[in-house]
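Trainee: Here it is, the structure in full.
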Amino acid sequence: MQEIKVTLSTALKQKPQDESQLGFGRIFTDHMFLMNYEKGRGWYDPRIVPYGDFSMDPAAMVFHYGQAIFEGTKCYRRQDGGLQLFRPEENLARMSRSAERMAMPHLDEETALAGLKKLVDIEKDWVPHQDGTSLYIRPTMIALDAQLGVHASHKYLFYIILSPVGAYYKEGLKPVGIYVEDSYVRAVRGGVGFTKCAGNYAASILAGDIAEKKGYAQVLWLDGVEQKYVEEVGSMNMMFAYGNKIVTPMLNGSILPGITRKSVLQLAAQLGYEVEEKRIAIEDVFEDIKDGRCTEAFGTGTAAVISPVGELCWKDEKVVLGDGSIGPVAQKLYDTLTGIQYGRLPDENGWIVKL
Ligand SMILES: *Cc1c(COP(=O)(O)O)cnc(C)c1O
């Protein structure tokens, strides 16, 4: 591990007074972690500095060819005031896998994790206290070479910024409406769907806007080849409950291997649910919901943890799930996973990193 140099800010910001108004990703803390990379030299100069603007060459490759990847994880405050992270090393390992696909360098994961912990420790007073709030952690890597030839950059910047975020659900876990997208696709076989690259999000915004105008919270993506099989929702993996059985699309290279997905599947098995990863046709899902065999649908992701789905719309056909409140399977998984994350339940799988 490399030594991390710290330069503290001399002009600290005012912390948000009302934790019920935090929202998501609008406020940033006083410091950030930076680390540079140069081909032949590797990662160097890990440092924590006051949060502030970057100065970059307008030709920097990130602006033109989009070598940009990111991660998202959280720091939680326990009832005793102590702080803890949830599987942060999984995020850094995933970032290295994203990097490989984008012809970017593997992270120095050890130094990045040390930097992440040190940064959160410096910013510990920014971790909110109210139930359901947390400090969102956003590691990012971008290409810096100032040249317009289409090649992998030789220079990169890795950085981490922090944002206190509010409870995702202000009025409890209310099911949302989801629009099944049947013209645009998010990812294709052989593409970059399994990476957390910025371009995947850029390509998804238009469909999201259209769905929102139709009154839906998010888009459910189908496979990019036949548009028949369920992939995932915006920034969440998708799960369906059939009574005591949970089914989810298998990892096929075009969906994002969510850490929440992986954790929920493991917890579900430990809680006695049957778990199956397979290819899921949207047509079958609609039939199964109409027949009452499929009893619940929900998304899984770091931001919302579990997001129940109350309605699906596909080619102007609508199906309704449940009675307008969260189903028992989603509720059990939500309570168990957030219980572990906030330290209310024992961490039997060794997922928690205490600070
Ligand atoms: C980040 C993300 C997820 C969820 O991953 P987690 O590790 O559970 O937060 C799911 N789908 C996409 C497209 C994502 O970018």
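Trainee: Run the paramagnetic zone check for Thr338: 7 angstrom along Cα to Cβ, then residues of region 234-251 with backbone nitrogen under 11 Å.
Mentor: Of the residues in region 234-251, none has backbone N under 11 Å from the label point off Thr338.
Trainee: To the nearest 20 debye, what is the magnitude of the charge dipole of region 176-341 about its Cα centre, counting +1 on the Cβ of each Lys and Arg and -1 on the Cβ of each Asp and Glu?
Mentor: 460
Trainee: When the distances between all Cα atoms of region 5-165 are binned every 10 Å from zero, what whole-number percent does each bin get?
Mentor: 10, 38, 34, 15, 3, 0
Trainee: Given the options Leu206, Cys75, Ile48, identify the residue whose Cα lies farthest towards the positive end of the charge dipole of the chain (+1 on Cβ of Lys, Arg; -1 on Cβ of Asp, Glu).
Mentor: The listed residue farthest towards the positive side: Ile48.
Trainee: Assuming 1.002 mPa s and 20 °C, estimate D for region 176-341 with Stokes-Einstein, Rh taken as the Kirkwood radius over Cα pairs, in µm²/s.
Mentor: Numbers: Rh = 15.8 Å.
Calculated translational D: 136 µm²/s.
Trainee: Expected output is a single nm value to one decimal: the length gained when fully extending between Ala103 and Gln130, i.e. 0.36 nm times separation in residues minus the C-alpha distance. What is it?
Mentor: Values: separation 27, 0.36 × 27 = 9.72 nm, distance 4.09 nm.
Stretched out fully, the Ala103 to Gln130 stretch lengthens by 5.6 nm.
Trainee: Quick check: pseudo-label points 7 Å beyond the Cα along Cα→Cβ at Gln147 and Ala59, how many nm apart are they?
Mentor: For Gln147 paired with Ala59, the spin-label model returns 0.9 nm.
Trainee: How many Å³ per residue does the convex hull of the Cα positions in region 62-120 occupy?
Mentor: So the per-residue Cα hull volume is 88 Å³.
Trainee: Apply the Karplus curve 6.51 cos²θ - 1.76 cosθ + 1.60, θ = phi - 60°, to the phi angles in region 253-268 and return the couplings in whole Hz, x for Gly and Pro.
Mentor: Rounded to whole hertz, the list is x, 9, 9, 7, x, x, 6, 5, 3, 4, 5, 5, 4, 5, 5, 4.
Trainee: How big is region 17-91 by the Kirkwood estimate over distinct Cα pairs, in Å?
Mentor: After inverting the mean inverse Cα-Cα distance, the result is 16.2 Å.
Trainee: Can you list the HN-Hα couplings for region 95-104, worked out from phi with the Karplus curve (6.51, -1.76, 1.60; θ = phi - 60°), rounded to whole Hz and with x for Gly and Pro?
Mentor: Karplus-based 3J(HN,Hα) across region 95-104 equals 4, 5, 5, 4, 4, 4, 5, 8, 6, 10 Hz.
Trainee: Hey, another quick one. Relative contact order of region 176-341, please, whole-number percent, based on alpha carbon pairs below 8 angstrom and at least 6 residues apart.
Mentor: Result for region 176-341 is 24 percent.
Trainee: Could you list which residues have their amide H under 5 Å from that of Ile69, counting only those 5 or more apart in sequence or on another chain, with H placed in the peptide plane?
Mentor: Placed amide hydrogens put Met141, Ala198 under 5 Å from Ile69.
Trainee: Please compare each pair in Lys196/Lys332; Lys74/Lys118; Lys262/Lys354; Lys39/Lys262 to a cut-off of 24 Å on the Cα-Cα distance and tell me which ones are over it. Can you show the working numbers first?
Mentor: Values: Lys196/Lys332 28 Å; Lys74/Lys118 14 Å; Lys262/Lys354 21 Å; Lys39/Lys262 34 Å.
Checking Cα-Cα distances, Lys196/Lys332; Lys39/Lys262 exceed 24 Å.
Trainee: Label-point separation (nm) for Ile210 and Ser9, each offset 7 Å from Cα along Cα-to-Cβ?
Mentor: According to this spin-label approximation, the distance is 4.1 nm.
Trainee: Are there GluC sites (Glu not before Pro) in region 191-299 that DSSP puts in a loop and that have at most 10 other Cβ atoms within 10 Å, and which ones?
Mentor: Hits after loop and neighbour filter: Glu226.
Trainee: I would also like to ask the following. How many percent of Cα pairs in region 85-228 exceed 26 Å?
Mentor: Values: 4613 of 10296 pairs.
For region 85-228, the share of Cα pairs beyond 26 Å comes to 45 percent.
Trainee: In whole percent, how big is the carbon plus sulfur part of the accessible area of region 5-165, probe 1.4 Å, protein atoms only? The partial results should precede the final answer.
Mentor: Values: 3670 of 7370 Å².
Roughly 50 percent of what the probe reaches on region 5-165 is carbon or sulfur.
Trainee: How about region 1-103: which trypsin sites (Lys or Arg not before Pro) there lie in a loop by DSSP and see at most 11 other Cβ atoms within 10 Å?
Mentor: Arg41
Trainee: Placing +1 at every Lys and Arg Cβ and -1 at every Asp and Glu Cβ, with all other atoms neutral, what dipole size does the chain have around its Cα centre, in debye to the nearest 20?
Mentor: Computed charge dipole of the chain: roughly 600 debye.
Trainee: Here is a follow-up. Please list, by residue number, every one of the trypsin sites (Lys or Arg not before Pro) in region 131-194 that is coil in DSSP and has at most 14 other beta-carbon atoms within 10 Å.
Mentor: Lys170, Arg189
Trainee: Where the Cα atoms of the chain are projected onto their three principal axes, how long is each span, largest first, in whole Å?
Mentor: Its Cα atoms span 60, 52, 36 Å along the three principal axes.
Trainee: For the residue pair Ala203 and Tyr51, what label-to-label distance in nm results when each label sits 7 Å from Cα along the Cα-to-beta-carbon direction?
Mentor: Reported label-point gap for Ala203 and Tyr51 is 3.2 nm.
Trainee: Compute, for region 248-344, the length of the dipole vector about the Cα centre, with Cβ point charges of +1 (Lys, Arg) and -1 (Asp, Glu) only. Units Debye, rounded to 20.
Mentor: Values: 10 positive and 14 negative charges, 96 e Å.
Using only the charged Cβ atoms, the result is roughly 460 debye.
Trainee: Here is a follow-up. What residue among His64, Val275, Leu312 has its Cα farthest toward the positive end of the dipole of the chain, where the charges are +1 on Lys, Arg and -1 on Asp, Glu, each on the Cβ?
Mentor: His64
Trainee: Can you run phi through the Karplus equation (6.51, -1.76, 1.60; θ = phi - 60°) for region 115-124 and list ³J(HN,Hα) in whole Hz, with x for Gly and Pro?
Mentor: Karplus values, whole Hz, x for Gly and Pro: x, 4, 5, 5, 4, 4, 5, 5, 9, 4.
The values are calculated or read from the model by the stated rules, or taken from the named source; none is laboratory data. Bear in mind the structure is a predicted one, so any value in this text is a computation, not a measurement. Cβ coordinates were reconstructed from backbone atoms using ideal geometry, including for glycine residues, and neighbour counts include every protein chain displayed. Remember, those area values only see protein heavy atoms, side chains included, never the ligands or the DNA or RNA. Shrake-Rupley method; radii C 1.70, N 1.55, O 1.52, S 1.80 Å.
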